Structures are given as C-alpha cells and as structure tokens.
Amino acid sequence: MERILGALARLGYAAGQIGGLHNQAIYCLVHRKSGRTIDLAEVAQREGIDLEDLETKPEAVRQALLAAGLTDVVEELDRLDREEITR
C-alpha cells in the first residue's frame, strides 16, 4: 500500500479513499496542486463498471482511471506491478 501511496504522491495526487481486497482499490483521488477531486466510484458507475469490482479487481480500477483521463496513474500502477513481478 505504501508503494501505491508514494507513487500517487509523486504524480501529484493524494488518495482520498483507498482500500479493499487489493492494494490498488482506489476510490477517490485529490490532485494536490489544483484540489480537483476524482471520484472513481462515480466514474465507474458512469462507465458501467461494477462498484464491487473496484474493491476486488485491479483491472476495474484501471478502467475507471483511464475513463477519468488518468493514464499517468495507470502507467505508474503498471510499472509497480512489473517491479513486483521481477522481485
């Protein structure tokens, strides 16, 4: 979880709400500089992504992040996953 929070901070985001069955269950992000809040649960609903999937499936979080235009966050999560695999 700390690696995820650190990665978000490097990208200029704070997790407004994070947690669940996997360490990438992100529900809300706040852009530190602008104060913009990104409610991923709201994005998921709008995109037809099951809210329960945000808690149980990292792919669902990535879909919601992409729908919110946060490709930089998805790329960073992918990078962290690759690092984890190579350990």
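The values are calculated or read from the model by the stated rules, or taken from the named source; none is laboratory data. Note that the structure is predicted; figures quoted are calculated from it, not measured. Every residue, glycine as well, gets a Cβ built from its backbone with ideal geometry; the counts of neighbours run over all protein chains shown.
Points to keep in mind about this one:
- Every residue from the range 23-75 that is touching a residue at least 40 places away in the same chain (Cβ under 8 Å), surrounded by 18 or more Cβ atoms within 10 Å (Cβ to Cβ) and in a helix (DSSP H, G or I): Val73
- In the range 40-62, the residues that are under 17 Å from Ile4 (Cα atoms) and either modelled with pLDDT of 90 or more or of a type outside the set (Lys, Arg) (or both): Leu40, Leu54, Glu55, Thr56, Pro58, Glu59, Ala60, Val61, Arg62
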